[in-house]
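> What follows is a structure written as structure tokens; I'll ask about it next.
Every number here is computed from the coordinates shown, using simple stated rules; none is lab data. From a predicted model like this one, the values you see are computed outputs, not experimental measurements. Every residue, glycine among them, receives a Cβ derived from its backbone with ideal geometry; neighbour counts consider all protein chains shown.
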Amino acid sequence: MERKRIVITGLSAITPLGLDVDSSWQALIAGTSGIGRISQFDSTEFPTHIAGEVKGFEPETVIPAKQCRKMDRFCQLAVCAGIAVHKHSGLVIDEKNAGRTGVVLGVGLGGLNTIETFHSRLLSAGPTRVSPFYIPMLISNMAPGQVAIFTGARGINVVSTSACASALHAIGCAFDQILLGRADAVITGGAESTVTPMGISGFTSMKALCVEYQDDPEKASRPFDARRSGFIMGEGAGMVMLETLESAKARGAAIYAEVLGFGASDDAYHMVAPLETGEGMAACMRSALADAGISPDQIDHVSAHGTSTHANDAAETKALHEVFGAHARGLAITAVKSQIGHLLGASGGVAAVFAAKTLETGIVPGTINQENPDPECDLNYMGSGPKKLDPEYALINSFGFGGTNASLVLKKFTA
């Protein structure tokens, strides 16, 4: 039986570079950095006081104020992105198809700001002053739940929480649901907002965040550069509408890319460190390529996980060498975290949007701040800037704590 073709018919992005796909994409290919001083709280006494914040975000322009107040910022980002991708896709959700339209999103930490706010209130004013909306505001699955409420999607509704691979795992789950015939369309991707005192403190204590370049924040996120010293926290949301090609064609939808395959694996090695050999990452990429039914030498472009940490960047480079062999040196590899920071559970969703734009436009974004390439990171990480290379196939990587790995293969759409 011939496998269904699944395509992307809608895109949305809210990132440190812009409040929509077009502004984020234009800033990305212009080499603009979205990293700056933290504005959401006073970070003066913190070891790092820079992050990739979403600037000018006003959820009340999309969500009624009364409902908006009952959502954590991660959920506000999710709902605004979910409404945007639904609108961009042009898919009408009604009684006929609502049960076959789902929402599968990735969220890494959920309502961290809500936890901090109400814990402080508990200590200062007592248990009776904790809001009845406290629990619904913080739980991760409220992101897909609220998107469903606002769009009317009544099909599968789940959240993937697998650290920094959450969004890509969510897209993989959505892809599988359509392949299995359980859904015809799924809003998928991820949302995250953890630029909070506890979020910054926790990752700094792990020595995962960059504490250098504090006076030059645009230079702080440096994937694959010899002077990298940790990642920069980011926030935002990135979503795509997945749909069967048959459904998309029937309604005359615009198609931005085709999803060919998904792969997942685990290092089974360490809580937070990847296998130095990159074996788990390599297994994941091979699985995605096998699922897509293509050979490694067909991949033109890789959207790397590229966190700007020593361990991840070196391991990912080794994994790319292992999977692609001699062809690895011909890959055009981009690390978008150099410009937006690490959006944790949302990172794979934003990467998928940017990869779809890469295939649609033919422009491969650059990786900024790779001024002194690490000898261990000896591939073409597009440090010289964006180029019109017209790739046909793209591979997206997302790797997370717990050794969890996800890879997705996209193809430039042809009828």
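> Nearest 5 is fine: what % of DSSP beta bridges in region 6-250 come out antiparallel, could you say? Show your work: numbers first, answer last.
Values: 19 of 32 bridges.
Restricted to region 6-250, the bridges split so that about 60 percent are antiparallel.
> Right, something else. How far apart, in nm, are two points set 7 Å out from the Cα along the Cα-to-Cβ line at Met198 and at Val158?
With each label placed 7 Å out from Cα toward Cβ, I get 2.7 nm.
> Once label points are set 7 Å from the Cα along Cα→Cβ at both Arg69 and Asp215, what is their separation, rounded to one decimal in nm?
4.4
> Further, regarding this structure: Once you list every other residue whose beta carbon is under 12 Å from the beta carbon of Leu410, what net charge do they have if Lys and Arg are +1 and Asp and Glu are -1? Please list the in-between numbers first.
Working: positive: Lys357, Lys411, Lys412; negative: Glu258, Asp300, Glu360, Glu392.
After counting each charged neighbour, the total is -1.
> From the Cα trace of region 262-411, what convex hull volume per residue do you get, rounded to a whole Å³? Spell out each step's value before the answer.
Working: hull volume 13.7 nm³, N = 150.
It comes to 92 Å³ per residue, whole-number rounded.
> If you don't mind, there's one more thing I want to ask. Could you work out the relative contact order of region 253-330, using alpha carbon pairs under 8 angstrom and six or more residues apart, expressed as a whole percent? Don't skip to the end; give the middle numbers.
On the way: 80 pairs, mean separation 26.3, N = 78.
It rounds to 34 percent for region 253-330.
> Using the number of other C-beta atoms within 10 angstrom as an exposure proxy, rank Asp266, Asp291, Asp72 with the fewest first. Kindly include the intermediate steps, with their values, before the conclusion.
Numbers: Asp266 15, Asp291 21, Asp72 25.
Fewest-to-most ranking of Asp266, Asp291, Asp72: Asp266, Asp291, Asp72.
> Out of region 214-288, which trypsin sites (Lys or Arg not before Pro) are coil in DSSP terms and have no more than 16 other C-beta atoms within 10 Å?
Numbers: sites: Lys219, Arg227, Arg228, Lys249, Arg251, Arg286; in loops: Arg227, Arg228, Arg251.
Passing sites in region 214-288 are Arg227, Arg251.
> Once R0 is set to 51 Å, what does the formula 1/(1 + (r/R0)^6) return for the Cβ-Cβ distance between Arg329 and Arg251, expressed as a FRET efficiency to the nearest 0.05? All intermediate terms of the calculation are to be shown ahead of the outcome.
Values: r = 42 Å, r/R0 = 0.83.
Computed FRET efficiency for Arg329 and Arg251 comes out at 0.75.
> If the cut-off is 21 Å between C-alpha atoms, which lysines fall inside it for Lys249, apart from same-chain ones fewer than 8 positions away?
Reachable lysines: Lys4, Lys87, Lys96, Lys357, Lys411, Lys412.
> Treat the count of other C-beta atoms within 10 Å as a stand-in for reagent exposure and order Met206, Met285, Met271 from fewest to most.
Details: Met206 12, Met285 28, Met271 8.
In increasing order of surrounding Cβ atoms, one gets Met271, Met206, Met285.
> Provide the gained length on full extension for the span Val130 to Thr414, in nm with one decimal, where the gain is 0.36 nm per separating residue minus the Cα-Cα distance.
96.8 nm
> Using amide H atoms built 1.01 Å from N in the peptide plane, name the residues 5+ places from Val54, or on other chains, whose amide H lies under 5 Å from its own.
Placed amide hydrogens put Glu235 under 5 Å from Val54.
> Which value, in debye to the nearest 20, gives the size of the charge dipole of the chain about its Cα centre, when Lys and Arg are +1 and Asp and Glu are -1 at the Cβ?
Numbers: 32 positive and 41 negative charges, 228 e Å.
It works out to roughly 1100 debye.
> Report the convex hull volume per residue for the chain, counting only C-alpha atoms, in Å³. List each step's numbers first, then the result.
On the way: hull volume 54.3 nm³, N = 415.
Normalising the Cα hull of the chain by residue number yields 131 Å³.
> Ok, one more. Tell me the relative contact order for the chain as a rounded percent, counting alpha carbon contacts under 8 Å between residues six or more apart.
Working: 1125 pairs, mean separation 95.9, N = 415.
Taking the mean separation of contacting Cα pairs over the length of the chain, I get 23 percent.
> For each of Ser205, Ser12, Ser43, count neighbouring Cβ atoms within 10 Å of the residue's Cβ, then give the residues from fewest to most.
On the way: Ser205 10, Ser12 27, Ser43 18.
So the ranking, lowest neighbour count to highest, is Ser205, Ser43, Ser12.
> Oh, and also: Report the full-extension gain for the segment Asp20 to Arg3: residue separation times 0.36 nm, less the Cα-Cα distance, to one decimal in nm. Show your work: numbers first, answer last.
On the way: separation 17, 0.36 × 17 = 6.12 nm, distance 3.29 nm.
Stretched out fully, the Asp20 to Arg3 stretch lengthens by 2.8 nm.
> For labels at Glu95 and Leu180 in the simple 7 Å Cα→Cβ model, what's the distance in nm?
My value for the distance between the label points is 2.9 nm.
> For region 29-173, what is one quarter of the convex hull surface built on the Cα atoms, given in nm²? Let's see the in-between values first.
Working: hull surface 46.4 nm².
Across all orientations, region 29-173 yields a mean hull projection of 11.6 nm².
> Tell me, what is the FRET efficiency for Gln40 and Asn372 to the nearest 0.05, using R0 = 25 angstrom and their Cβ-Cβ distance as r? Don't skip to the answer; put the middle values down first.
Details: r = 32 Å, r/R0 = 1.28.
For R0 = 25 Å, the calculated efficiency reads 0.20.
> Further question: For Arg227 and Gln298, what is the calculated FRET efficiency with R₀ set at 30 Å and r taken between the beta-carbons, to the nearest 0.05? Kindly include the intermediate steps, with their values, before the conclusion.
Values: r = 34 Å, r/R0 = 1.14.
Between Arg227 and Gln298 the formula returns 0.30.
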